[in-house]
Amino acid sequence: MRNANPARETGDDFRSLRQARGRRHTLGRAGLYLLATVMALWVLAPIYLITITAFSPRDVVREYPKQVIPREFSVESMDFFVNSTGVLGSLWNSVLVALITLVLSTIIGAPAGYALARFAFKGRDPYRLVILSTRAFPIVILSIPLAVTFLTWGIYDSIYAVALMHTALAMPFTVLITSSIFVSVPHDLEEAALTLGCTPLQAFLRVVMPLALPGLAAASIFTFVLSWNEVFAAVILTLQERTLPAHVLGVLTSSPPHFRFAAAWFMLAPSLIFIFLIRRYLLGLWGRISR
Amino acid sequence: MANIELRGITKIFDKKVRAVNDVSLTIADQEFMVLLGPSGCGKTTLMRMIAGLEYPEAGRIVIGGGDVTDLPPRKRNISMVFQSYAVFPHLTVFDNIAFGLKMNKTGKAEIVRRTEEAAELVQLSPYLERYSAQLSGGQRQRVAVARAIVMEPAVLLMDEPLSNLDALLRLNFRAELKRLVAELKTTTIYVTHDQVEAMSLGDRIAVMRDGKIVQCGTPMEVYERPATEFIGGFIGSPPMNFLKVRLERVDGELRAMLGSHGLPAPAMLADHADRDLLLGIRAENIEATPVDGVASQDGLVSKTLVVELLGAQMLVTGEIDGQGIKVLVRADAPIKPGVDLLLHPELDKLRWFDAESRNEIVVS
């Protein structure tokens with residue numbers, strides 16, 4: 001009986017096999033999406049709560065249970081935060097520090113990135129590794145001697161001290177990101193420019209730069225965000241001339257809750273916007289999953 | 001006047017790989033010289049050294065009487081067409097072609113005039129405002145050529161300019177390129193691994209292998225008198241036939257024996273009697289007739305294995321005493337697989353090669 005209709009038998013087997021595989025496939029996908037959802041919520045839920053609390057009237061902060069859907073829009077908390085003593089000054093400091101960091105790290109880091117991208121020099125791979133390893137150095141250990149050094153130089157408690165520190169912190173990223181950007185500009189184009197009457201510098205400025213510019217802009221924004229968010233070095237290297245995160249951290253314990261939420265949102269927003277703007281380049285750098 | 005003189009050029013990569021090994025070559029003014037060779041033979045490296053993109057470890061490069069070895073590319077009065085075209089993606093076709101002229105601080109009116117002229121020459125006039133991304137491969141190729149010729153260089157260098165085009169486009173553009181270069185009368189060096197391109201374009205061909213020039217001559221010379229077995233096998237489609245023969249004296253006459261059959265050999269080969277030689281013969285220089293029972297002493301008998309119709313001709317692959325041979329016959333010849341053929345090579349087209357060194361033994 002079993003072999004009476006072998007064709008049908010195998011057909012059934014095949015179908016059930018395929019169904020089983022399909023089920024497993026669906027399960028796998030569901031698990032993946034579940035995991036992704038949990039991870040996204042892990043990050044998004046606090047951001048969401050911070051945002052609605054920051055833009056609600058101040059008494060909402062103390063409410064429990066929390067409202068998931070905001071009832072009333074209000075800039076009261078934000079207004080209070082922005083006009084608190086020291087916030088505008090430290091905001092201005094933060095912007096200055098970030099800009100100086102951006103300029104310094106680009107001026108120093110981009111040529112290094114270019115060299116890594118174009119020249120096969122001896123010890124290139126160790127060099128690449130060493131650049132990255134500077135990040136492994138704890139800021140705590142770095143900051144105390146730096147504070148002493150900056151005291152003797154007379155730039156302690158100034159935005160320059162913080163900018164120098166941030167430049168050092170941003171350097172590995174700047175070098176590696178710019179190097180990957182320059183690699184993506186075909187060397188042929190540069191050589192073609194050389195045969196068409198360019199000096200190496202002209203070839204770089206007229207051909208490589210225009211093509212690398214969007215990527216370099218992305219790298220700059222990344223540096224900006226890095227400096228904008230950095231708090232530890234900023235706290236150690238300044239007393240009066242604080243950057244915004246350092247200032248917020250300093251006054252946090254003595255501040256009312258709605259101030260904290262407003263501050264959190266204020267710190268968060270620029271980073272989010274910038275990262276969103278340059279995510280295309282970050283994906284390109286860290287391995288694109290899909291376009 | 002821009003002749004090119006290469007004197008003992010050597011390029012070493014990573015301190016050990018001799019990409020180009022002591023190459024000397026003189027290229028006449030207005031000559032079209034093709035550097036031909038398999039990949040990795042050093043032909044592109046040699047061209048890049050002439051362009052100034054690589055620096056030779058030894059040797060001098062002289063263009064138009066002036067030593068340019070230590071000059072950067074921009075001071076050599078050369079233009080180069082890259083294999084990848086290297087069209088600047090951030091510039092329009094017009095700006096691409098005008099790029100070099102702008103760098104040379106040419107006057108505005110002249111830039112416009114010469115750019116439009118060059119674009120016209122390669123039929124790009126309707127596309128001047130387009131960007132590289134909006135062009136087809138063939139059009140990009142034209143931009144690269146226009147960008148090079150607009151400079152009116154003393155030497156035009158082309159690195160496999162047709163290799164990224166599809167077959168039909170390549171055929172068309174090859175003819176166009178030949179016309180263009182003939183009109184411009186620029187000394188041209190052209191790198192390719194495609195022997196058909198080399199044959200059809202070059203005034204002379206320099207065949208390279210392992211960093212050396214193994215033969216340099218007109219396409220016909222290289223085709224008819226390959227200096228080595230390698231060249232005979234590399235140039236021509238099908239490649240030259242090589243048969244291992246033994247030189248023997250039969251009744252006082254030299255004969256190249258292949259099994260029981262033989263061919264008369266020139267008396268100048270007397271020194272090589274009783275030795276093995278390689279006999280080279282082109283597929284089209286063999287007359288083939290079906291064996292009609294009477295096996296002649298003159299000629300070789302081959303067993304037909306495969307018959308391929310190529311259109312105007314038929315390519316017959318056969319076997320003589322275990323050695324393969326290819327013969328081109330008329331398309332309507334009554335030849336089928338399994339048929340024995342009597343082969344009569346044209347005796348003056350026979351080429352003799354040393355079995356050891358694989359170099360040609362010149363007999364005339």
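The values are calculated or read from the model by the stated rules, or taken from the named source; none is laboratory data. Since the model is a prediction, treat every value here as computed from it, not as a measurement. Counting neighbours? That spans all protein chains shown, and the Cβs are built from the backbone with ideal geometry, glycine included. Keep in mind that these areas ignore ligands, DNA and RNA; they rest on the heavy atoms of the full protein, side chains included. Shrake-Rupley method; radii C 1.70, N 1.55, O 1.52, S 1.80 Å.
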Tail beyond 18 Å, pair distance distribution of region A:145-228 (Cα, percent): 57
Please identify the chymotrypsin sites (Phe, Trp or Tyr not before Pro) of region A:84-159 that satisfy two criteria: DSSP loop assignment and at most 15 other Cβ atoms within 10 Å. Which are they? A:PHE119, A:PHE121
Carbon and sulfur atoms: what percent of the 1.4 Å accessible area of region B:235-364 do they account for? 50
Accessible area of region B:1-154 divided out per residue, in Å², using a probe of 1.4 angstrom: 43
Rank B:GLY100, B:ILE4, B:GLY236 by how far each Cα sits towards the positive end of the charge dipole of chain B (+1 on Lys, Arg Cβ; -1 on Asp, Glu Cβ) and give me just the farthest. B:GLY100
Residue-level accessible surface for B:CYS41, protein heavy atoms, 1.4 Å, Å²: 0
Sum of -39500 (n - 2.57) over DSSP H runs of 4+, divided by residues of chain B (222 nm, nearest 500): -7000 deg cm²/dmol
Given N residues in region A:224-284, what is its alpha carbon radius of gyration divided by 2.2 N^0.38 Å? 1.30
Take every Cα pair under 8 Å in region B:241-361 that's 6+ residues apart, average their separations, divide by the length, and report that relative contact order as a whole percent. 28
Taking Rh as the Kirkwood radius, which is the inverse of the mean 1/r over Cα pairs, what is the Rg/Rh value for region A:85-254? 1.07
Which of these, B:GLY311, B:GLY232, B:GLY137, has the largest mean-square fluctuation under a Gaussian network model of chain B (Cα springs below 10 Å)? B:GLY311
If you average the alpha carbon positions of region A:213-284 and of region B:9-80, how far apart do those two centres end up, in angstrom? 54
Can you tell me which lysines have their Cα less than 26 Å from the Cα of A:LYS122? Leave out same-chain residues fewer than eight positions away. B:LYS11, B:LYS15, B:LYS16
What are the residues whose amide H is under 5 Å from the amide H of B:ILE361, where those residues sit 5 or more places off or on another chain and H is modelled from the backbone? B:TRP352, B:PHE353, B:ASP354
Give me the Å³ per residue figure for the convex hull around the C-alpha atoms of region B:16-126. 158
Give me the compactness ratio for the protein assembly as shown, meaning the Cα radius of gyration over 2.2 N^0.38 Å. 1.44
Which of these, A:GLU190, A:GLU241, A:GLU63, has the largest mean-square fluctuation under a Gaussian network model of chain A (Cα springs below 10 Å)? A:GLU63
At each listed q (0.11 Å⁻¹), what is the log10 of I(q)/I(0) that the Debye formula gives for chain A modelled as equal alpha-carbon point scatterers? -0.85
Angle between the Cα long axis of helix B:167-184 and the longest principal axis of chain B, 0 to 90 degrees, nearest 10? 70
Charge-dipole axis of region B:241-361 as Lys and Arg at +1 and Asp and Glu at -1 on Cβ define it, positive-most pick from B:HIS261, B:ALA331, B:GLY280: B:ALA331
Would you kindly compute the Cα radius of gyration of region B:4-234 and its largest Cα-Cα separation (Dmax), both in Å? 17.6, 55
Specify the angular offset, from 0 to 90 degrees and rounded to the nearest 10, of the alpha carbon long axis of helix B:108-121 from the longest principal axis of the alpha carbons in chain B. 30
With N denoting the number of residues in region B:241-361, provide Rg(C-alpha) divided by 2.2 N^0.38 Å, to two decimal places. 1.06
What accessible area, summed over both chains, is buried at the A-B interface (1.4 Å probe, Å², nearest 100)? 1700
If one compares the long axis through the Cα atoms of helix B:93-103 with the longest principal axis of the Cα atoms of chain B, the angle in degrees, nearest 10, works out at 70
For chain A, the per residue accessible area (1.4 Å probe, Å²) is 60
For region B:154-202 and region B:300-364, what is the separation of their Cα centres, given in Å? 31
Whole-angstrom gap from region A:128-178 to region B:243-283, using each part's C-alpha centre: 82
With label points set 7 Å from each Cα along the Cα-to-Cβ direction at B:SER237 and B:ASP271, the distance between them in nm comes to 3.8
Computed from the mean reciprocal separation of all distinct C-alpha pairs, what Kirkwood hydrodynamic radius does region B:78-207 have, in Å? 14.8
Cα-based Rg / Dmax (Å) for region B:156-315: 20.2, 60
Long-range HN-HN contacts of B:VAL20 with modeled amide H, under 5 Å: B:LYS11
Loop-resident trypsin sites (Lys or Arg not before Pro) in region B:88-148 with no more than 11 other Cβ atoms inside 10 Å, DSSP not H/G/I/E/B, are B:LYS105
Give the aspartates and glutamates whose C-alpha is closer than 13 Å to that of B:LYS75, dropping any in the same chain fewer than 8 places away, or say none. B:ASP67
